[in-house]
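The values are calculated or read from the model by the stated rules, or taken from the named source; none is laboratory data. Computed from a prediction, not measured in an experiment: that's the story for all the values here. FYI the Cβ positions are ideal-geometry reconstructions off the backbone, even for glycines, and counts take in every protein chain you see. All accessible areas refer to the heavy atoms of the entire protein, side chains included, with ligands and DNA or RNA removed. Shrake-Rupley method; radii C 1.70, N 1.55, O 1.52, S 1.80 Å.
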Amino acid sequence: MSEQQKHHILAISAHAGDQELTAGATIAKYTQAGHKATFLHLSPGEKGHPRLSPDEYAKQKIEESYKAADILGADVRYLQYKDAEIPVNDQIKYEVADIIRELKPDIIITHWKNSIHKDHANTHKIVEDAHFYAALKTIERDLPSHYAKKIYYSENWEDMHEFVPEVFVDIPEEAFEAWIKALGVYAFARGETYGFPYIDYYKALTVVRGAPVYFKRAQGFMVPRGALNKRLQWFD
């Protein structure tokens, strides 16, 4: 992608915090270079607190998500679905497709399909079809069709079955620092819900993904099958 062309990343997650953890450093890199990014959360992820009620935690997570996005230089959107109850049907697929048509992203980031969390797996299916519906001119909605040229799947510890990253994005220091600051806004990322050391895990993962490709830090992504096919007269 040329440095002159400005891009819009739409990061679609089941819960607030999912894509901030897994793609937030990449998003910070893009926004710091003048590109645009939007987080679309299908739910707040409000049922993941052992001491707060879902309503209390939803309010907290929504506030956290706006603070984190501000640090990352991104916008935030929500759909009105409940944690652990995200459905797979045409209603939600068209809601996401309408947002794709409205925002016109050229890059979409979402969950990998194989997950121990059904909301993550369902979100993958929703985005897969929404991406298709948004691009079809023959599907008439309020807004004209839009084709997002690139789709990537981010690396989440809950989505690791058959996850094989093929794209590695170099993370510069300024983006890394903004990302860590943004993650620190989330109580769950700080380990205050069930104790999982999210920030330490994802910080370490950037080193693991960067080392084999000679980057100090990187975030790894999968692509749809066949997306890296190239037409060559000679080997690169």
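Do you know which of the residues in segment 222-236 that are in a loop (DSSP other than H, G, I, E, B) and aliphatic (A, V, I, L, M) is farthest from the chain's Cα centre (by Cα)? By that ranking, first place goes to 232. Considering 166, 174, the condition of being in contact (Cβ under 8 Å) with a residue 60 or more places away in the chain and closer than 19 Å to residue 31 by Cβ is satisfied by 174 alone.
Scan segment 51-70 and tell me whether some residue there is of a type outside the set (A, V, I, L, M, F, W, C), under 23 Å from residue 102 (Cβ atoms) and either open to solvent by less than 30 Å² (accessible area, probe 1.4 Å) or touching an Asp or Glu at 6+ places or on another chain (Cβ under 8 Å) (or both). Yes, segment 51-70 contains at least one residue that is of a type outside the set (A, V, I, L, M, F, W, C), under 23 Å from residue 102 (Cβ atoms) and either open to solvent by less than 30 Å² (accessible area, probe 1.4 Å) or touching an Asp or Glu at 6+ places or on another chain (Cβ under 8 Å) (or both). The residue of segment 93-126 that is least open to solvent (accessible area, probe 1.4 Å), among those that are assigned to a loop (DSSP other than H, G, I, E, B) and closer than 14 Å to residue 11 by Cβ, is 105. Hey, among 180, 199, 171, which residue is among the β-branched types (Val, Ile, Thr) and more than 20 Å from residue 65 (Cβ to Cβ)? Checking each option against the conditions leaves just 171. The set of residues from segment 141-168 being of a type in the set (A, V, I, L, M), more than 18 Å from residue 94 (Cα to Cα) and touching a strand residue (DSSP E or B) at 6+ places or on another chain (Cβ under 8 Å) comprises 164, 167.
Residue by residue, here is whether (1) among the acidic types (Asp, Glu); (2) out of contact with any strand residue (DSSP E or B) (no Cβ under 8 Å at 6 or more places or on another chain); (3) open to solvent by less than 10 Å² (accessible area, probe 1.4 Å); (4) in contact (Cβ under 8 Å) with a residue 24 or more places away in the chain holds:
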| position | (1), (2), (3), (4) |
| --- | --- |
| 6 | no, no, no, yes |
| 12 | no, no, yes, yes |
| 18 | yes, no, no, yes |
| 21 | no, yes, yes, yes |
| 25 | no, no, yes, yes |
| 28 | no, yes, yes, yes |
| 40 | no, no, yes, yes |
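Considering only segment 72-82, I want to know if a residue exists there that is among the basic types (Lys, Arg), open to solvent by 10 Å² or more (accessible area, probe 1.4 Å) and either farther than 21 Å from residue 146 by Cα or without any contact (Cβ under 8 Å) to a residue 60 or more places away in the chain (or both). Checking segment 72-82: at least one residue is among the basic types (Lys, Arg), open to solvent by 10 Å² or more (accessible area, probe 1.4 Å) and either farther than 21 Å from residue 146 by Cα or without any contact (Cβ under 8 Å) to a residue 60 or more places away in the chain (or both).
Among residues of segment 127-176 being aromatic (Phe, Trp, Tyr) and surrounded by fewer than 16 Cβ atoms within 10 Å (Cβ to Cβ), the one that is nearest to residue 48 (Cα to Cα) is 157. As for segment 144-153, it holds no residue that is under 24 Å from residue 216 (Cα atoms), in contact (Cβ under 8 Å) with a residue 24 or more places away in the chain, part of a loop (DSSP other than H, G, I, E, B) and touching a Pro at 6+ places or on another chain (Cβ under 7 Å). Scanning segment 83-92 for residues being part of a helix (DSSP H, G or I) and open to solvent by 10 Å² or more (accessible area, probe 1.4 Å) gives a total of 2. Out of all the residues in segment 179-202, is one or more open to solvent by 90 Å² or more (accessible area, probe 1.4 Å), farther than 14 Å from residue 25 by Cα and in contact with a Pro (Cβ under 8 Å, 6 or more places away or on another chain)? Within segment 179-202 (the criterion being open to solvent by 90 Å² or more (accessible area, probe 1.4 Å), farther than 14 Å from residue 25 by Cα and in contact with a Pro (Cβ under 8 Å, 6 or more places away or on another chain)), the answer is yes, since at least one residue qualifies.
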